[in-house]
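Student: One structure follows; several queries about it will come next.
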Amino acid sequence: LEGDIRLAADRCHFDLRHEGAYFELPAADKQKEGAHLEPYLQLPIEGRMQSHLSLFKWGGQHWAPMKTVSTLTPGKWTIRLDEAALCAVQTTGKVILEADNITVDLEHEAHKEALDPTLACLLAKSGIIDGRFNLEGRLAGRAPPEMLLQSLGGNFKFKAKDGRINRFDLLGR
């Protein structure tokens, strides 16, 4: 971690660059999902932090690598994902955290990726489908933390080829 931190009577301002090999964020308790953010969002801090992690884990998923730029102001944190690969699917976009709402706007992309390792990573099951796939899509939503998953929507374009469905009931029939 390197950069500048300036302390004022009422506020802390920073401009930091962070690089690390690994960081794991515990999954939020469903009952307290929104409650844990508010105290941090109200801290008298403002600034920017560029971060590059070789591996980031959260809620059973992992992104490798993850490059972000976070901008913090009291009451609002904006996290811009410049590079984040979730199970071989590249993700870019931004997440905005506020006391009452979380805004998500993400674009996803994969080209000529292997299906089996990607599904094994996402679903924790391997050997169900093989082949290669392309994916383009966007996922967006804005809602209070406890309603975020229900608010998400978007469009995806998925094409698979040169493969076989071995045991995936949803598609196998």
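Student: Which whole number of Å³ per residue matches the convex hull of the alpha-carbon atoms in the chain?
Tutor: Residue-normalised Cα hull volume stands at 120 Å³.
Student: How much accessible area per residue does the range 1-147 have, in Å², with a 1.4 Å probe? Walk me through the intermediate numbers first.
Tutor: Details: 8740 Å² over 147 residues.
I get 59 Å² per residue for this part.
Student: Next question. Can you give me the % of accessible surface on the chain that is carbon or sulfur? Probe 1.4 Å, all protein chains present, nothing else counted. Let's see the in-between values first.
Tutor: Details: 6110 of 11340 Å².
Taking all protein chains in place, the chain shows 54 percent carbon and sulfur surface.
Student: Just the accessible area for Asp4, please: 1.4 Å probe, Å², rounded to the nearest 10?
Tutor: 100
Student: What list of ³J(HN,Hα) values in whole Hz, one per residue of the range 96-113 in order, does the Karplus curve 6.51 cos²θ - 1.76 cosθ + 1.60 (θ = phi - 60°) give from phi, with Gly and Pro shown as x?
Tutor: Karplus-based 3J(HN,Hα) across the range 96-113 equals 10, 9, 10, 4, 9, 9, 10, 10, 10, 9, 10, 10, 10, 7, 8, 10, 6, 8 Hz.
Student: May I pose another question? If you check each cysteine of the chain for another cysteine whose beta-carbon is under 4.7 Å away, which ones come up empty?
Tutor: Result for the chain is Cys12, no neighbouring Cys Cβ within the cutoff.
Student: Here is a follow-up. Over 21 Å between Cα atoms, which of Lys57/Lys157; Lys57/Lys159; Lys57/Lys125 qualify? If you can, show how the numbers build up before the last one.
Tutor: Working: Lys57/Lys157 26 Å; Lys57/Lys159 28 Å; Lys57/Lys125 18 Å.
Cα-Cα > 21 Å for Lys57/Lys157; Lys57/Lys159; rest within.
The values are calculated or read from the model by the stated rules, or taken from the named source; none is laboratory data. Bear in mind the structure is a predicted one, so any value in this text is a computation, not a measurement. Positions of Cβ are backbone-derived with ideal geometry, glycine not excepted, and every protein chain shown enters the neighbour counts. Quick note on the areas: whole protein, heavy atoms, side chains included, nothing else; ligands and nucleic acids left out. Shrake-Rupley method; radii C 1.70, N 1.55, O 1.52, S 1.80 Å.
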